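Below is one structure, written out as structure tokens; the observations come after it.
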Amino acid sequence: MTIELARPHSPEQHHSHRDVTGGWLRPAVFGAMDGLVSNFALIAGVVGAAGAGQGAVLAGCAGLIAGACSMAAGEYTSVKSQTELMRAEIAVERRELARNPVGEQAELAALYRARGLDADLAERVAAGLSADPEQALRVHVREELGVDPDDLPSPYLAAASSFFAFAAGALVPLAPFLFGASGLLVALVLSVLALFGFGAAVAVMTARPWWLGGLRQLALGVGAATITFGLGHLLGVSVS
């Protein structure tokens, strides 16, 4: 009879995480949803006021181009400013480490004591990490600022993600009119499907129920378009 002993788990086994700090997901999701909802609402408002036709096409194209450029510029400025602030604070921390390394090491030890390490172990960990100035800087920045100095968000990535995502979203309600649609029905169906599908996809990515994310985004998008269509219809603005 052979007895097989259970093997201990290898210390090398670990699980991986998705990238949550790359700076692309938020602007991409926001851009796509904003492009889809705002352009559908814009086109719905024009159709409600003057009916489908060249006005709807012009409004949709203008909304796509202006919105995509605006979103990209806004994301670039926002992320660039955030990154510059992070770099400025990292520079402050670098100067403090050069000016008062003993005090910074004591600060790190106090932080680890507050997290539950006994005083002796906290001192030894802080001393070991502080032996290399660059490693000490990374640790202080992560612990005090909550950012990774080696993985700051890219304003270029955020701007590009926002631009292309907005354009893709805005193209959905515009496409039927580019091919000669005479009413809002096809654009409505495509937009509804896209709203639900994209909301569901984002929900899956963020580990939430797909149907809940889809329905939430669908309600927001249809609500915005309904209000805009109704206002356009009531005002009866003539589009030439």
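The values are calculated or read from the model by the stated rules, or taken from the named source; none is laboratory data. What you see is a predicted model; the values in this text were computed from it and never measured. Positions of Cβ are backbone-derived with ideal geometry, glycine not excepted, and every protein chain shown enters the neighbour counts. Keep in mind that these areas ignore ligands, DNA and RNA; they rest on the heavy atoms of the full protein, side chains included. Shrake-Rupley method; radii C 1.70, N 1.55, O 1.52, S 1.80 Å.
The set of residues in region 147-171 that are over 18 Å from the mean Cα position of the chain (by Cα) and either among the basic types (Lys, Arg) or open to solvent by 40 Å² or more (accessible area, probe 1.4 Å) (or both) comprises Asp150, Leu171. Counting only helices (runs of 4 or more DSSP H) that fall entirely inside region 22-119 and contain at least 1 residues that are touching a residue at least 12 places away in the same chain (Cβ under 8 Å) and within 22 Å of the chain's Cα centre (by Cα), the qualifying elements are 25-50, 54-99. Here Ser81 passes the criteria (1) closer than 30 Å to Leu234 by Cα; (2) surrounded by fewer than 17 Cβ atoms within 10 Å (Cβ to Cβ) except the one numbered (1).
Ile43 meets the conditions (1) at pLDDT below 90; (2) open to solvent by 100 Å² or more (accessible area, probe 1.4 Å); (3) of a type in the set (A, V, I, L, M, F, W, C) in every case but one. The failed one is (2). Any chance region 156-168 includes a residue that's free of Cβ contacts under 8 Å to residues at least 24 places away in the same chain and hydrophobic (A, V, I, L, M, F, W, C)? The answer is no, given that none of the residues of region 156-168 is free of Cβ contacts under 8 Å to residues at least 24 places away in the same chain and hydrophobic (A, V, I, L, M, F, W, C). Does Ala72 count as surrounded by 11 or more Cβ atoms within 10 Å (Cβ to Cβ) and either at pLDDT below 90 or of a type in the set (S, T, N, Q) (or both)? It is false that Ala72 is surrounded by 11 or more Cβ atoms within 10 Å (Cβ to Cβ) and either at pLDDT below 90 or of a type in the set (S, T, N, Q) (or both).
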